[in-house]
Amino acid sequence: MSDIPLPPASLRPAAAARRFRAPTDEAPATRLVLILLAVLGLGVLVLAPLATVFAEALAQGIGAAVESLSDPQAWSAIWLTLLVAAIAVPLNAVFGIAAAWAITKFDFRGKAFLITLIDLPFSVSPVVAGLCIVLTFGANSLIGGWLVAHGFPIVFALPGIVLATMFVTFPFVARELIPVMIEQGRAEEEAALTLGASGWRVFRTVTLPNIRWALLYGVLLCNARAMGEFGAVAVVSGKIRGQTATMPITIEMLYNEYMSVAAFSMAALLAFLGLVTLMIKTTLEIRHADQLAAQRRH
Amino acid sequence: MVIQIDEISKLFGTTAALQPVSLSIPGGALVALLGPSGSGKTTLLRILGGLEYPTSGRVLFDGHDATGMTVQERRAGFVFQSYALFRHMTVFDNIAYGLNARPRASRPSRAEIARRVTKLLDLIQLPQIADRYPSQLSGGQRQRVALARALAIEPRMLLLDEPFGALDAKVRKELRQGLREIHDETGLTTVFVTHDQDEAMELADLVVVMSMGRIEQIGRPQDIRTRPATPFVRDFIAG
């Protein structure tokens with residue numbers, strides 16, 4: 001026995017197993033570099049600015065920050081931002097579902113054009129969008145003139161801000177829903193129809209439950225973007241303090257006036273609202289992880 | 001129920017999925033639509049179920065024109081190729097769906113629905129799975145649940161699109177037998193689509209061989225085997 005030479009150590013099973021790496025695995029060094037890059041990017045681009053905003057807001061103590069936020073003009077900005085989001089987001093959810101439904105469940109001429117149209121707000125600068133609204137609905141335009149004469153001004157008023165916000169945030173819900181609905185196909189809806197369900201019932205009991213996670217994600221993204229929209233709203237709102245200045249616009253005005261505590265306090269609040277949105281999403285995902293998994297596996 | 005198909009054709013854009021075809025299905029028969037993919041068999045089945053509208057021609061149920069009937073009015077129990085079970089509902093809710101969808105006046109009571117679902121679960125020999133979700137079932141179990149769901153609405157006919165297509169050979173054989181038994185028990189006029197000639201020959205009373213949107217031959221399995229009407233049928237059942 002002992003005169004049979006052992007294979008070199010490197011070819012023995014244990015050593016071979018230790019040296020074997022799954023083909024999709026990277027070398028430890030590569031992995032470390034990638035992780036560091038990601039952390040660095042996140043740190044420089046996200047965490048550091050966010051920390052600075054909160055630090056600047058609290059630079060003169062929490063009292064000064066709270067006081068700056070309880071100013072009537074600040075209140076007006078906060079209220080306006082929440083109101084605009086509360087109108088624009090549900091409307092965009094409805095339009096987004098309608099658009100995604102039309103695109104994924106029916107075949108019609110001009111479908112590609114409609115998809116392009118949905119993406120338009122992503123490619124057009126918000127400032128241009130705002131200008132379009134001013135030109136279409138401003139007091140000097142045909143429609144705008146008539147509306148102003150009947151006591152319903154669009155531009156420099158709430159309807160204009162809502163319109164501008166809706167334009168900018170329109171793609172979020174539809175974009176989230178379309179891939180999910182394409183993947184799910186029409187079979188479940190057809191099955192429900194053959195079982196005698198009406199179109200509305202099919203939507204309520206089959207379509208909506210199947211798209212609810214994508215819908216929620218789209219709505220949350222849409223909400224975060226709606227509260228933060230600056231460019232389009234800056235053009236249509238006229239930036240009237242205490243009336244048409246939303247939170248992002250107020251932040252800019254305060255910052256330009258060197259009122260840094262007030263500016264950063266409101267910025268911190270706006271960032272906080274965005275973080276809350278994100279937290280809601282994550283919490284729901286954790287709580288309903290089992291359902292999510294069950295849906296995906298089928 | 002007697003189903004008559006009278007000169008039905010279907011165009012998708014400019015492609016003809018069905019040339020004008022005519023076919024009479026006697027009440028209570030178990031009929032196979034047999035053909036390769038692209039032969040128009042699924043299109044014909046979907047027209048019967050009301051999921052597609054024919055470009056021309058008529059469909060008659062028991063002698064009455066049903067061409068314009070909506071999919072809901074037809075009350076056709078439809079089993080889809082991929083079963084199309086509602087993935088967010090339990091097996092119980094899947095089977096009860098059609099009963100719950102009825103207008104209030106004709107909707108059975110909650111207890112009655114539960115009783116019927118239990119009975120159907122017994123019929124498909126899966127009494128224990130009411131609380132499971134479709135993702136927790138095997139392929140064969142899903143197929144049987146889809147069948148139970150279609151039967152729950154007390155359909156006037158049963159339409160099945162490649163009902164055994166996605167299953168392995170052993171399960172396929174068992175379920176074939178199962179479908180035959182359920183058909184004999186309910187006496188429903190049943191039409192199923194298949195590309196598998198063994199399946200068609202073994203299971204059906206009447207086989208309709210289709211190719212390129214045309215009906216090549218209609219006949220009992222042994223007639224088709226012994227006297228194929230066209231070269232296509234001869235080649236198809238030989239291969």
Which numbered condition B:I218 misses (of (1) crowded, with 16+ Cβ neighbours inside 10 Å; (2) in a helix (DSSP H, G or I)): (2)
Single match in A:A262, A:A157 (criterion: away from chain B (no Cβ under 14 Å) and either touching a Leu at 6+ places or on another chain (Cβ under 6 Å) or charged (D, E, K, R) (or both)): A:A262
Residues of region A:130-155 classified as surrounded by fewer than 19 Cβ atoms within 10 Å (Cβ to Cβ), at pLDDT 90 or above and closer than 25 Å to A:G242 by Cβ, total: 1
Unmet criterion (only one of (1) loosely packed, with under 12 Cβ neighbours inside 10 Å; (2) hydrophobic (A, V, I, L, M, F, W, C); (3) not in a helix (DSSP H, G or I)) for A:I62: (3)
Filter result (more than 21 Å from the chain's Cα centre (by Cα), modelled with pLDDT of 95 or more and part of a helix (DSSP H, G or I)) within region B:89-109: B:F92, B:D93, B:N100
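Report the residue count in region B:221-235 for those that are assigned to a helix (DSSP H, G or I) and within 21 Å of B:I25 (Cβ to Cβ). Working first, answer last.
Taking region B:221-235 and keeping what is assigned to a helix (DSSP H, G or I), we get B:221-226, B:231-235.
With within 21 Å of B:I25 (Cβ to Cβ) added as a condition, the list becomes B:221-225, B:233.
Residues in region B:221-235 being assigned to a helix (DSSP H, G or I) and within 21 Å of B:I25 (Cβ to Cβ): 6 in total.
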Looking only at region A:144-165, and only at residues there that are assigned to a loop (DSSP other than H, G, I, E, B) and aromatic (F, W, Y), the one that is farthest from the chain's Cα centre (by Cα): A:F152
Residue that is within 25 Å of A:E229 (Cα to Cα) and of a type in the set (A, V, I, L, M), where the choices are A:L135, A:L142: A:L135
Some residue of region A:107-126 being more than 30 Å from A:P209 (Cα to Cα), surrounded by 13 or more Cβ atoms within 10 Å (Cβ to Cβ) and in the same structural domain as A:A262 (by TED's automatic domain parsing): yes
Failed criterion for B:G165 (all others in (1) over 19 Å from B:V207 (Cα atoms); (2) small (G, A, S); (3) away from every other protein chain (no Cβ under 13 Å) hold): (1)
Where B:S135 falls short, out of the listed (1) surrounded by fewer than 20 Cβ atoms within 10 Å (Cβ to Cβ); (2) away from chain A (no Cβ under 14 Å); (3) not in a loop (DSSP other than H, G, I, E, B): (2)
Some residue of region A:199-208 being among the aliphatic types (A, V, I, L, M), over 30 Å from B:I153 (Cβ atoms), modelled with pLDDT under 95 and in the same structural domain as A:A157 (by TED's automatic domain parsing): no
Residue identified as within 17 Å of the chain's Cα centre (by Cα) and farther than 23 Å from A:A187 by Cα among B:E185, B:E174, B:E162: B:E185
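When only residues in region B:57-78 that are in contact (Cβ under 8 Å) with a residue 24 or more places away in the chain and more than 9 Å from chain A (Cβ to nearest Cβ) count, which is surrounded by the fewest Cβ atoms within 10 Å (Cβ to Cβ)?
As a first pass, look at region B:57-78 and keep what is in contact (Cβ under 8 Å) with a residue 24 or more places away in the chain: B:57-63, B:74-78.
Going one step further and asking which of them are more than 9 Å from chain A (Cβ to nearest Cβ), we end up with B:57-63.
Values: B:G57: 17, B:R58: 15, B:V59: 21, B:L60: 15, B:F61: 20, B:D62: 12, B:G63: 8.
Only one residue fits best here, namely B:G63.
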Residue in region A:238-263 that is farthest from A:L58 (Cα to Cα), counting only those that are in a helix (DSSP H, G or I) and under 22 Å from the mean Cα position of the chain (by Cα): A:I249
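Out of all the residues in region A:67-81, is one or more in contact (Cβ under 8 Å) with a residue 40 or more places away in the chain, closer than 30 Å to A:I178 by Cα, in a helix (DSSP H, G or I) and out of contact with any Gly (no Cβ under 8 Å at 6 or more places or on another chain)?
Residues of region A:67-81 in contact (Cβ under 8 Å) with a residue 40 or more places away in the chain: A:68-69, A:71-74, A:76-78, A:80-81.
Those left that are additionally closer than 30 Å to A:I178 by Cα: A:81.
In the following step, the residues that additionally are in a helix (DSSP H, G or I) were identified as A:81.
Now restrict to residues that are out of contact with any Gly (no Cβ under 8 Å at 6 or more places or on another chain): A:81.
Yes, some residue in region A:67-81 is in contact (Cβ under 8 Å) with a residue 40 or more places away in the chain, closer than 30 Å to A:I178 by Cα, in a helix (DSSP H, G or I) and out of contact with any Gly (no Cβ under 8 Å at 6 or more places or on another chain).
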Only listed residue being assigned to a strand (DSSP E or B) and surrounded by 19 or more Cβ atoms within 10 Å (Cβ to Cβ), chosen from B:L33, B:L51, B:L11: B:L33
Close pairs (9 angstrom Cβ cut-off, 6 or more residues apart or separate chains): within 15 Å of A:A100 (Cβ to Cβ) in region A:111-128, surrounded by fewer than 14 Cβ atoms within 10 Å (Cβ to Cβ) and not small (G, A, S) anywhere: A:L114/A:F108
Test result for B:R87, facing another protein chain (nearest Cβ under 8 Å), closer than 25 Å to B:G50 by Cα and of a type outside the set (V, I, T): yes
Single residue of A:V168, A:V180, A:V173, A:V206 found to be part of a helix (DSSP H, G or I), β-branched (V, I, T), buried (at least 22 other Cβ atoms within 10 Å of the Cβ) and within 14 Å of chain B (Cβ to nearest Cβ): A:V206
Options B:R149, B:R142, B:R176, B:R180: the member that is without any contact (Cβ under 8 Å) to a residue 40 or more places away in the chain and part of a helix (DSSP H, G or I): B:R176
Selection count where residues are surrounded by fewer than 17 Cβ atoms within 10 Å (Cβ to Cβ) and part of a strand (DSSP E or B), scope region B:17-30: 3
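The values are calculated or read from the model by the stated rules, or taken from the named source; none is laboratory data. The structure displayed is predicted, hence computed values, not measured ones. A quick note on method: Cβ atoms are made from the backbone with ideal geometry, for glycine too, and the neighbour counts reach across all protein chains shown.
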